[in-house]
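I have placed the structure first, in the form of structure tokens, so that the comments after it can refer back to it.
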Amino acid sequence: KQLLILRSYHHEFPLRLGIPREELRSRLRVSPSVFNPLIEESSQLGNITEEGTLLRLPVHKIQFTPSQQADIDHLMQLHATAGVNSPSVKQSKKVVGDDVYHALIDLGKLRQLSSEVVYAAGEYKTVRNKINQFLIANQRINAAQARDLLGTSRKYAIALLEHLDDIKVTRRVGDFRELV
């Protein structure tokens, strides 16, 4: 039954990488003690692929139309040109649409840090490395230092610092961040 649900989900949402694990469990109406071994067995048999908290059929791949790909290319060019001062989440969604935007997040092409700030994967890696290198050299960083280091506004610096706190790379101590 789980394979039928997955097939139906992929048909209904072709631009989503997979169904959230809990959504599939809810649709199957089974307890975690039944669901987890079922998924583990299906995964070992190669019937289901796990992508973090998402489940999908192994044959399912996100495929963009030529028009969607053109919009994606345009968005990625906007991000590349903007650098650290990237287009906002709202602007990015306007260029490619909500479904394509979320597919790009699922695929790791975009990294959303807050409700307003999103980076292309390459720029995200660059700014994160700059912050890490600064922290290794100086033990701590505040919003003003991050802003100056990255050559950006407070909005981007705060979003990045709060994101690093959320993913447990840093922790806030007063007005500063330190490596965890």
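The values are calculated or read from the model by the stated rules, or taken from the named source; none is laboratory data. Computed from a prediction, not measured in an experiment: that's the story for all the values here. Heads up, the Cβs are rebuilt from the backbone with ideal geometry, glycines too, and the neighbour counts pull from every protein chain shown. Calculation scope for accessible area: heavy atoms of the full protein, side chains included, ligands and nucleic acids excluded. Shrake-Rupley method; radii C 1.70, N 1.55, O 1.52, S 1.80 Å.
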Between beta-carbons, use under 14 Å as the cut-off and find the net charge around VAL59, counting Lys and Arg +1, Asp and Glu -1. +2
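Counting only heavy atoms of the protein chains, get the accessible area per residue of the range 16-65 (1.4 Å probe) and round it to a whole Å² value. The partial results should precede the final answer.
Details: 3060 Å² over 50 residues.
I get 61 Å² per residue for the range 16-65.
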Just to be sure I understand, if you calculate Rg/Rh (Cα atoms, Kirkwood Rh) for this structure, which of (1) 1.06; (2) 0.97; (3) 1.34 do you get? (1)
Of the candidates GLY108, SER88, PRO58, the farthest towards the positive dipole end of the range 40-116 (Lys/Arg Cβ +1, Asp/Glu Cβ -1, centred on the Cα centre) is SER88
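Starting from 0.36 nm per residue, how many nanometres of slack lie between GLU41 and ASP165 once their C-alpha separation is accounted for? Mind dumping the intermediate values first?
Details: separation 124, 0.36 × 124 = 44.64 nm, distance 3.55 nm.
Gain on extension, GLU41 to ASP165, equals 41.1 nm.
Using a 1.4 Å probe on the protein chains only, how many percent of the accessible area of the range 22-74 belongs to carbon and sulfur? All intermediate terms of the calculation are to be shown ahead of the outcome.
Details: 1730 of 3450 Å².
Looking at the range 22-74 in its full context, I get 50 percent from C and S.
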Packing-ranked peptide list from 162-173, 11-22, highest mean Cβ count within 10 angstrom first, is 11-22, 162-173
First compute the accessible area of the range 78-163 with a 1.4 Å probe, then give the percent of it belonging to carbon and sulfur atoms. 47 percent
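When the helices in the chain are scored as -39500 (n - 2.57) per DSSP H run of 4 or longer and the sum is shared across all residues, what 222 nm value do you end up with, to the nearest 500 deg cm²/dmol? Please list the in-between numbers first.
Numbers: 9 runs with 105 residues, N = 180.
Value at 222 nm, helices only, nearest 500: -18000 deg cm²/dmol.
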Output ³J(HN,Hα) for the range 74-84: one whole-Hz value per residue in order, computed from phi by the Karplus curve 6.51 cos²θ - 1.76 cosθ + 1.60 with θ = phi - 60°, and x for Gly and Pro. 5, 4, 5, 5, 4, 5, 5, 5, 6, x, 5
